[in-house]
Structure formats: C-alpha cells, structure tokens
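A.B. asks: Before I ask anything, here is the structure I am working with.
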Amino acid sequence: MKLWKKIFLGTLIIFVAAFDVGAFLLTSFAYDYNRERETEIAVREQSVILSSFTSSLLRAEHFDPEISMNKARLSEIMSSLSNYYRKQGVQLALLVNFEHIYSDFADLDDLWLECEDLQSKNVIDKRVDDKRLLFVSSPVPDYPQLTFVYCRDISAIDEFRSEISRFFVILNVIVIVSACVLLFLLLKHITRPITVLNDMAAEIADGSYDKRVEIKSSDELGQLAKSFNHMAESVEKNMISLKKSAEDKQQFIDDLAHEMKTPMTSVIGYSEYLKNANGSKENQIIALEHLSDSMLRLKNLSEELMKLTLLREEITELKLIEVDKLLNALEVTMKPSLDTRNIKLLTEATLEYFVGDEALLLSLLTNLVENAARASKSGDCVTVRVYESESAIIEVEDKGIGMEQEEIEKITAPFYRIDKSRSREFGGVGLGMSIVSRIATLHNARLEIESEKGTGTVVRIIFTTLK
Amino acid sequence: MAKILIVDDEKAINDLLLLNLSLVGHTCCQAFDGNGAVDAINRFKPELILLDVMIPYQDGFSLVENGAQGDIPVIFLTARDSVADKVKGLRLGADDYITKPFDAVELIARVDAVLRRAYKSSEQSDFIIGDAVINISQRKARLDNNEVELTNREFELLEVLIKNRNIALSRQKLLDLVWGYDYVGDTRTVDVHITKLRKKLRLEKYIKTVYKLGYRMEV
C-alpha cells in the first residue's frame, strides 16, 4: 500500500468517526435540552392554569359551598378554561376521585397506572397514536379529591430530532465527499516530491548521472531533495573523474603497447633472421645492430616507465638546494652528450637557494636540456636560468626549430613525440615531458611553454609556493 | 624476381623487410616517409609496394586514396591489429595486409600470392639449381635434359624449398606447408622425402641440413 493511501484512509476513518460521534452527541444533547425545556414549560403552565382554575373554584364556592361535589359546575369551569387554552395547543382534564369529570382527550385510564403517587405532581411522557404528549397532573390544592391534568403536544421535539438527524446524514455525505477530494489533492501534493525523488533515484541508478530533481519547497522533503541533488552531484563528479582516469590509463596502456610493438617486432624478426636465414656476414651484422638497438630501446622504455611510476608518490622531504650545485651537476651530466653534438650549455643564476628535491629537479633539468638540444642544430646554445620574479622560476631556452601551438598542447602526453626518428636517434622514448610535468606538479610548480616555429622555445617552471 | 618498394618510417622494420625479401631474390628499394614513397614510385617503378599506415607527411591511407600507386599492387603493413584499419585498407584497394610482428615465411608467401595474382604470367619459368632445371608452373623437373619422375608430395616439397630459399624451414613447418595442418604423421616423413629429392635431382649440395633447425635450400 502506498504512503498516500495509508494516510488517506487513516485520516478519513478518524475524521468520519470524530464527525459522526460529534453529530450524535450534539443531536442527543439538543434533544434532551428541548425535552427538559418543554417539561419545564408544561409544569409552569400547568401551575398557572391550575391556579386560575383554583381561583375560579374559590369564587364559585363563595356562592355554592358544595361546588367541589357538583360535577356539572366543575365541568362548566373546566370547559371555559379549556376553550381558552385549546388555542394554545393545551388540553385539560379534571378527575374527581379518579373519575372523569371533564376531559379533552380520549379515555386515559391507563395513564394512572404509571403515576406513582397521585397526591403529588406527576409528569408523564406518553405516545398516543402518532403524537407525543406530555401529561402533567397534580391534585388541586385544598381539594385533594380533585386531580387536575394538563396535556401538551411535544411531537415537535421528535420532529426536530429526526430533522436534525436527516440534516446530519446529508451533511455527513457532503463533508466526507469533500474531505475525500481535498485530502486526496493535499496528499498528492505533499507526496509528489517523494514520487519525483523515487523516479529520479531509479534513473540515476540506471546511469543518467547528470539528472537532478527540481523541488523548491522548504520543508523536510525540500531539504531531502537538496541533499539528494548534492549526493547526485558528488556521484557524478566521482564517476567523471574515475572515467577520466580510466580513459587516461587505457590510453597510456594502448600507447605503451604501440610503443613496444616496433622494438618487439624487430627483436623477433631479426632473431628469426639470424637463426634461419642464409644471409651474408654483412647482413648478419646489420641484423645484430638492429637487434641490440631494439633491446636498448626496450631498456630505456622500462627505465623511464619506472621513473614515472616512482614519481607517483609524493615527495616527503623538501630540502634547501644550492642553485650553483644543482647547475654544476647538470653540466657534469649533460656535457659529454652536448659536446658530441657541438651544443653549448650556458647557465645563469641570480637566486642562491631553492627549496625542492635535488634529484628530481636534476632529472627535470636534464630532460628539458636534452629536449632543447634535440631541437637545436650544431653550434647553437642552450641557456638555463634560475631567477626570481614574484616567485622562483627555472627557465630553459633554446634557439632551435620551435613548435606549433597544437604541438605544445600535446607535448606532456605520454609517448608524444614531435619528430619520432630524431627522438629515437638519441634513445628517447617519449616520456621526458611527462616526467617533467609530473616533477613540476610534485613541487607545486606550473609549466609554461613559449615557442615559435623557427625561432626557438622557452620552457619555464614557475614555483608557486616555494622560494 | 620482383622489384618491391618498402615504405616504413621505422628503419629497423624497413631493414628487416628488406633483408627477408632479398633472401628469396627480390630487388628492394626503401622509403621512410610519404614523400619519399612518391619519389621512389616514380624513380624505381616497383612491381609491388609494402606500405606502412603510420608514416610522416602523408600517411599510407591518404597515399593510396590519392592514387600515388597507380596500377601497382599494395600490401599494407599495420602495427595495429585493429579490424577497422584492415577493412579500411582493403576497401581502399589494397591487395593484402600484414600485421606486425610478422613471420618471414608468411611475408614471403603473401608477397608471392599478390604478385602471382597481379602478374599472372610472371612466374619465373625455370629455376636452375645445380644440374637440375625445375619448372614450377608446368610441374616438371629435368636433370641433364632428362625428365625426372617426382611424386606430388616431392614436387610440393621442392616448390616450398625453392620459394623460401635461403631460409631454414623446420621439419614441422615443412609438414604444415606441404602436407597440411591436419596431417598426422611423423616428422621423419620429411627426412625420407628430402633424401629422395636430393638423390633424384642431385641436390645434396643445395638442400642443406641445418643443425637443430631443419632444411634450407641454399642458392
């Protein structure tokens, strides 16, 4: 059973029960009240009529002391009283020793059976034919043998009761129907956000991570919707970053597989050739050269990959580095390879100390200088500068072939090489700039490349937090 | 044998193709990029082009799309074993494709097949090996001008050895190529047939037993 149905039925049952009980209590209270009032009126009126009867009797007694025994005379007095009160719906009777002297109504002998004590005042509520009558009887004062009976029609209170009951039945139906409709609409309105949230949760579970709920109320459901959207947002964000990292990894693996395929093909092909072919000595030497080159390439590749793997961890210790020492180490490392290509290395430092990891920064500089050297031709020079301008900056400049804008964008992607054959000549595997970018990130530094085709390239490592 | 242009930017792979194709007597020319390939086609006038897809300046696909090869059959070399690439190559009118890494015997067989299809009459009529003259298309072998009776298997074995000359073929490989992959038999069968061939055509000096490997036709 749905929530709104539960609330609907529960509320309806409670409401109807309360309404009906209330109506019943109200009706019976009104009825009792009316009856009491009718009784009071009857009693009061009876006393009034009785006293006027008594005064008439006293007046008559003045002329005829035996009047209380004179039935015809009593009857005469009664009849004149009766004629007067009949217009007001009141009927009267007089009994002498329980014998009818005068009566406006039919035989009522059985009435006396219900009277407990005829010497006192009796009130009897009785149904005669289809009328409801209220009888009030009492002995006439000073004449105990006379009983004065007063009767009043109180059918109106029964009618009132049935009338009001009918009214309540109709009211009940109207109220229940309108309560049903209003309750239904209200519940639908209140529970709509739940349905919306539920549908949206199902959609998100099915993979539409970009979906959001639109509920603008400020109640608990509105807050729930807000939290729900917040949750969906972080799920989406995580999904995107996971997807991106999975794609990057897949791309890296694809590129790596591609990168390994060529040396692998050579290794397999040339070893097969050496094993099976009846080649000349000269060709065998060519084959052996290619074989060892390919092995070297695989070795370089695995070494660079290892470096990149190690760089995934954070640097734990940053030390103060002497810039001169770092640049000396760079010169010692690069000199032999640069000399053979007739490329000069110039270093300029206006900064004395520097915070960082010496080994990693040396590796970064080696990579940048090697790239610069590859872009340069014989006789050119590569300049390394370390200076301060707002923050510490390392700069490597060459006057070589330069790069196109789109090449600059791709340069840090693993295995990207602008000139494959030229890079391989020097044993490059295409991971140098990836390593540089990684080391820069580990130092909270930013990589900036400025280059123009034909005029040269400037690579800047701009340290943002360190000096 | 045929004139073949090899286009691949990886020198190692280019040389490997050259060495293997030279073994069976093809004349080869090397190009290392798209522009070099166009030059070589005009200058060298090859009978077949082995074309790598990923080469600088003009990649293999666009080269073929531009019709640089003319009527010359093309075999694509692809480092990627992506089906899409192979299909694209074949759609463009390539005659075959070879995926790296490749097997020398497979390379030679594919090159031969494409050449045979493209130049139906070009099968060299007579192979002269020592005193024997062998005509593969007529399936005839003569020794000192006298026809020598060879069984079907013996002739097929001789054909495989000639086509893959200067390459050592293992007994198992010979069984696969001559008797077929479903043949269930001893590799000794190969030895028996080789002995018969050597005797019938006086090829003792040319069909060499290579230690630990198998047999090689050396010419």
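A.B. asks: Which of A:K281/B:K86; A:K261/A:K399; A:K6/A:K211; A:K377/A:K410; A:K261/B:K212 have a Cα-Cα distance over 27 Å?
C.D. replies: Violating the 27 Å limit, Cα to Cα: A:K281/B:K86; A:K261/A:K399; A:K6/A:K211; A:K261/B:K212.
A.B. asks: Let me understand region A:3-161 better: what is its radius of gyration from the alpha carbons, and its Dmax, in angstrom?
C.D. replies: Cα radius of gyration and Dmax of region A:3-161 are 22.5, 90 Å respectively.
A.B. asks: Through the Karplus equation 6.51 cos²θ - 1.76 cosθ + 1.60, θ set to phi - 60°, convert the phi angles of region B:195-205 into ³J(HN,Hα) values in whole Hz; use x for Gly and Pro.
C.D. replies: 4, 4, 4, 4, 5, 5, 10, 6, 9, 3, 6
A.B. asks: So for chain A, averaging the separation of alpha carbon pairs under 8 Å that are six or more residues apart and normalising by length, what relative contact order in percent results?
C.D. replies: On the way: 553 pairs, mean separation 43.2, N = 467.
Normalised by residue count, the contact order of chain A is 9 percent.
A.B. asks: Evaluate E = 1/(1 + (r/R0)^6) for A:S28 and A:K226, where r is the Cβ-Cβ distance and R0 equals 56 Å; express this FRET efficiency to the nearest 0.05. Could you put the intermediate results ahead of the total?
C.D. replies: Values: r = 53 Å, r/R0 = 0.94.
Taking R0 as 56 Å, the efficiency between A:S28 and A:K226 is 0.60.
A.B. asks: Sticking with this structure for a sec: Based on alpha-carbon atoms only, what is the radius of gyration of region A:1-51 relative to the globular estimate 2.2 N^0.38 Å?
C.D. replies: 2.24
A.B. asks: Any lysines with Cα under 20 Å of the B:K3 Cα? List them, leaving off those in the same chain fewer than 8 positions away.
C.D. replies: B:K11, B:K45, B:K120, B:K163
A.B. asks: If you don't mind, there's one more thing I want to ask. Please identify the chymotrypsin sites (Phe, Trp or Tyr not before Pro) of region B:28-99 that satisfy two criteria: DSSP loop assignment and at most 15 other Cβ atoms within 10 Å. Which are they?
C.D. replies: Passing both the DSSP loop test and the Cβ count: B:Y57.
A.B. asks: Now for a separate question. List the aspartates and glutamates whose Cα sits under 13 Å from the Cα of A:K453, skipping any in the same chain fewer than 8 residues away.
C.D. replies: Counting by Cα, and skipping residues close in sequence, A:K453 has these aspartates and glutamates nearby: A:D398, A:E404, A:E406, A:E407.
A.B. asks: Could you work out how far apart the two model spin labels at A:S208 and A:E303 are, taking each label as a point 7 Å from the Cα in the direction of the beta carbon, and quote it in nm?
C.D. replies: For A:S208 paired with A:E303, the spin-label model returns 5.5 nm.
A.B. asks: While we're looking at this one, here's another question. Give the cross-link partners of A:K319 among the lysines, using a straight C-alpha distance below 24 Å as the criterion and excluding same-chain residues fewer than 8 apart.
C.D. replies: Candidates past the 8-residue exclusion: A:K307, A:K467.
A.B. asks: How would A:Y84, B:Y206 line up from fewest to most surrounding beta-carbon atoms within 10 angstrom?
C.D. replies: If I rank by nearby Cβ atoms, fewest first, I get A:Y84, B:Y206.
A.B. asks: Also: With a Förster radius of 51 Å, plug the Cβ-Cβ distance of B:N145 and A:D419 into 1/(1 + (r/R0)^6) and report the FRET value to the nearest 0.05. Don't skip to the answer; put the middle values down first.
C.D. replies: Working: r = 60 Å, r/R0 = 1.18.
That gives a FRET efficiency of 0.25.
A.B. asks: How large is the convex hull of the C-alpha atoms of the protein assembly as shown per residue, in Å³? List each step's numbers first, then the result.
C.D. replies: Numbers: hull volume 273.9 nm³, N = 686.
Taking only Cα atoms, the protein assembly as shown has a hull volume of 399 Å³ per residue.
A.B. asks: Just the projected area, averaged over all directions, of the convex hull on the alpha carbon atoms of region B:1-127: how many nm²?
C.D. replies: The orientation-averaged projected area of the Cα hull of region B:1-127 comes to 7.2 nm².
A.B. asks: Any chance you could run the full-extension gain for A:K216 through A:I170? It's 0.36 nm times the residue separation minus the Cα-Cα distance, nm to one decimal.
C.D. replies: 12.5 nm
A.B. asks: Test of understanding: what is the full-extension gain from A:F98 to A:M239, defined as 0.36 nm times their sequence separation minus their Cα-Cα distance?
C.D. replies: 40.2 nm
A.B. asks: Using the basic label-point model (7 angstrom from Cα toward the beta carbon), what is the A:K87 to A:M295 distance in nanometres?
C.D. replies: Taking the two extended label points, one gets 14.5 nm.
A.B. asks: Each label point is 7 Å from the Cα along the Cα-to-Cβ direction; what then is the distance between the points at A:K281 and A:R161, in nm?
C.D. replies: About 13.9 nm, to one decimal.
A.B. asks: Let me check against my output: what whole-number percent is the relative contact order of chain B, with C-alpha pairs under 8 Å and at least 6 apart? Working shown, then result.
C.D. replies: Working: 330 pairs, mean separation 30.2, N = 219.
14 percent.
A.B. asks: If contacts are Cα pairs under 8 angstrom and at least 6 residues apart, what is the relative contact order of region B:3-118 in percent? Show your work: numbers first, answer last.
C.D. replies: Working: 188 pairs, mean separation 26.0, N = 116.
Once divided by the residue count of region B:3-118, the mean separation gives 22 percent.
A.B. asks: I need A:C151, B:C28 ordered by Cβ neighbour count within 10 Å, fewest first.
C.D. replies: B:C28, A:C151
A.B. asks: Return the Cα extents of region A:205-340 along principal axes one, two and three, sorted largest first, each rounded to a whole Å.
C.D. replies: 89, 52, 21
A.B. asks: Based on the Cβ-Cβ distance of A:I408 and A:V332, what FRET efficiency does E = 1/(1 + (r/R0)^6) give at R0 = 25 Å, to the nearest 0.05?
C.D. replies: 0.25
A.B. asks: Quick one: Debye curve from the alpha-carbon atoms of region B:126-217 only, equal weights, vacuum; give me log10 I(q)/I(0) at q = 0.22 Å⁻¹ to two decimals.
C.D. replies: Log10 I(q)/I(0), no solvent term: -1.13.
A.B. asks: Can I ask one more? Give me the Debye-computed log₁₀ of I(q)/I(0) at q = 0.14, 0.18 Å⁻¹ for chain B, equal point scatterers on Cα only, no solvent, two decimals.
C.D. replies: Ignoring solvent entirely, the Cα scatterers give -0.89, -1.22.
A.B. asks: Moving on. Would you mind ranking B:S170, A:S80 by Cβ crowding within 10 Å, fewest neighbours first?
C.D. replies: Ordered by Cβ neighbours within 10 Å, fewest first: A:S80, B:S170.
A.B. asks: Once amide H atoms are built 1.01 Å from N in the peptide plane, which residues 5 or more positions from B:I98, or in another chain, come under 5 Å H to H?
C.D. replies: B:F76, B:L77, B:T78
Readers should treat all values here as calculations from the given coordinates under stated rules, not as data from a laboratory. Just so it is clear, the model here is predicted, and its values are computed rather than measured. Methodologically, a virtual Cβ is constructed for each residue, glycine included, from the backbone with ideal geometry; neighbour enumeration extends over all protein chains shown.
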